[in-house]
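Enquirer: Have a look at this one before I ask anything.
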Amino acid sequence: MLTIQHPEAAGSAGTGQSVIASGVWQVHTLSRRGVLKGITRTLAALKHKDTLDWDLSGIERLDHIGAQMFWNAWGKKRPPKLTLDPRQEELFNRIEKASGLSLARHRTSPLHWIIVLGAGILNFFEHLKSFIGLIGLVVQDIGRFIRSPRTGPWREISANIYHSGFQALGITALVGFLIGVVLSYLSAQQLKMFGGDIYLVNILGMSVIRELGPLLAAILVAGRSGSSITAQLGVMRVTEELDAMLVMGVSHGYRLIMPKVVALAISMPLLVVWTDAMALIGGMVSAKVELGLAARYFLQELPEAVPVVNYNIGLLKGATFGILIALVACHFGLRIKPNTESLGRGTTTSVVTAITVVIVADAVYAIIFSGVGF
């Protein structure tokens, strides 16, 4: 005798090779502790036995979950001997029809990688075309601003300088100081081995003023202010503020993009100076602790060790990096679609692209000025 005992059933019994089920076979009952495991074990033992006589007419209530358990135990087909309540026929008919559906097999073309590569190249050139158009729009807006400065967006420029420049002083100072300490400490250890302690000023001054200062400030601003710009424009797209500005005849470029570009072009060189100063202070502290070099000696040797042209190159890099960060952030901010998923993806892409563009621009500067300042 084979029996399925259900927790809410008064009893289930069978004679011979019959299986009789009763009780409540619904998800709220099956989800009770230990019930599903016992029922699954019992049905697994009855699986693939075609000679059994199944009687489900005594089940009080049956939902899709319970019916699917029986269907799996039957091997996804009706057994030859099955007794159902008329109310259960429709449920099992739906399950039987759904089991007969077959999904189309997805075939991948052998040239799929070429298709993906081509789509990526086309997408890159589409972004490049849009970016060049954005540069042209900013140039036109700057020309308009120069012709009539009295009606220019001075408040927007001032607000962006405050948010992108002044509020970034803390993080740039901390990172610059720590980088100066690390660089000075590691250089001092190597120079001490060869007795070249005095050359620490040369190494630290050139690396910070010419390369690390502008690059560190640009990466921090790209992650902090670049993401903020993209998110701001993206939220304005989601809330349809950009469309409202167009309806009112307000130019996006003149009131949103151009002030951000001008603000970062002004604030980035100042942040570079600030980052350079904090990194050199950190280097002086580390040099005093590690090599015993006095701060007075450090300050006296720095102008001779680092020609002033390197300082100008650093400021030029800062202005260029600021403009590129603002343009990249605005480019991706304006391309965000009116949904939150696009907003998050666009902000992430903007930060990664801005940092990549900054590093590429720094490499170009290194090649162009390879023979200058030494």
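Enquirer: Going by the structure shown, is Ala265 within 30 Å of Pro149 (Cβ to Cβ), open to solvent by less than 50 Å² (accessible area, probe 1.4 Å) and free of Cβ contacts under 8 Å to residues at least 60 places away in the same chain? Lay out the reasoning, then the answer.
Expert: On the way: within 30 Å of Pro149 (Cβ to Cβ): yes; open to solvent by less than 50 Å² (accessible area, probe 1.4 Å): yes; free of Cβ contacts under 8 Å to residues at least 60 places away in the same chain: no.
No; evaluated as a whole, the condition is false for this residue.
Enquirer: Run down Leu82, Leu134, Leu128, Leu56 and say which single residue is free of Cβ contacts under 8 Å to residues at least 12 places away in the same chain and outside any loop (DSSP other than H, G, I, E, B). Give the derivation first.
Expert: Numbers: Leu82 fails: free of Cβ contacts under 8 Å to residues at least 12 places away in the same chain; Leu134 fails: free of Cβ contacts under 8 Å to residues at least 12 places away in the same chain; Leu56 fails: free of Cβ contacts under 8 Å to residues at least 12 places away in the same chain.
One residue alone meets the criteria, Leu128.
Enquirer: Tally time: how many residues in the range 277-286 are open to solvent by less than 10 Å² (accessible area, probe 1.4 Å) and either of a type outside the set (Gly, Ala, Ser) or under 30 Å from the mean Cα position of the chain (by Cα) (or both)?
Expert: Qualifying residue count for the region: 1.
Enquirer: Which one of Val208, Val250 is of a type outside the set (D, E, K, R) and either assigned to a helix (DSSP H, G or I) or buried (at least 20 other Cβ atoms within 10 Å of the Cβ) (or both)? Outline the logic, then answer.
Expert: On the way: Val250 fails: either assigned to a helix (DSSP H, G or I) or buried (at least 20 other Cβ atoms within 10 Å of the Cβ) (or both).
Only one candidate passes the filter, namely Val208.
Enquirer: Another question, if that's okay. Here are some residues: Leu256, Leu220, Leu270, Leu215. Which one is out of contact with any His (no Cβ under 9 Å at 6 or more places or on another chain), part of a helix (DSSP H, G or I), over 23 Å from Gly314 (Cα atoms) and open to solvent by 10 Å² or more (accessible area, probe 1.4 Å)?
Expert: Details: Leu220 fails: over 23 Å from Gly314 (Cα atoms); Leu270 fails: over 23 Å from Gly314 (Cα atoms); Leu215 fails: over 23 Å from Gly314 (Cα atoms).
Checking each option against the conditions leaves just Leu256.
Enquirer: Given the structure, is Ser187 open to solvent by less than 50 Å² (accessible area, probe 1.4 Å), at negative phi and either among the hydrophobic types (A, V, I, L, M, F, W, C) or over 25 Å from the mean Cα position of the chain (by Cα) (or both)?
Expert: Details: open to solvent by less than 50 Å² (accessible area, probe 1.4 Å): yes; at negative phi: yes; either among the hydrophobic types (A, V, I, L, M, F, W, C) or over 25 Å from the mean Cα position of the chain (by Cα) (or both): yes.
Criteria met by Ser187.
Enquirer: Still on this structure, I have one more. Would you mind finding the one in Thr320, Thr356 that is at pLDDT 85 or above, under 29 Å from the mean Cα position of the chain (by Cα) and either farther than 26 Å from Pro153 by Cα or open to solvent by 50 Å² or more (accessible area, probe 1.4 Å) (or both)? Give the derivation first.
Expert: Details: Thr320 fails: either farther than 26 Å from Pro153 by Cα or open to solvent by 50 Å² or more (accessible area, probe 1.4 Å) (or both).
Exactly one of Thr320, Thr356 is at pLDDT 85 or above, under 29 Å from the mean Cα position of the chain (by Cα) and either farther than 26 Å from Pro153 by Cα or open to solvent by 50 Å² or more (accessible area, probe 1.4 Å) (or both), namely Thr356.
Enquirer: A follow-up question, please. Quick one: is Lys47 out of contact with any Ser or Thr (no Cβ under 6 Å at 6 or more places or on another chain) and more than 21 Å from Leu264 (Cα to Cα)? Spell out how you get there, then give the answer.
Expert: Numbers: out of contact with any Ser or Thr (no Cβ under 6 Å at 6 or more places or on another chain): yes; more than 21 Å from Leu264 (Cα to Cα): yes.
In short, yes.
The values are calculated or read from the model by the stated rules, or taken from the named source; none is laboratory data. No experiment lies behind these values; they were computed from the predicted model shown. Cβ: placed from backbone, ideal geometry, glycine included. Neighbour counts: every protein chain shown. Side chains included, ligands, DNA and RNA excluded: accessible areas come from the protein's heavy atoms. Shrake-Rupley method; radii C 1.70, N 1.55, O 1.52, S 1.80 Å.
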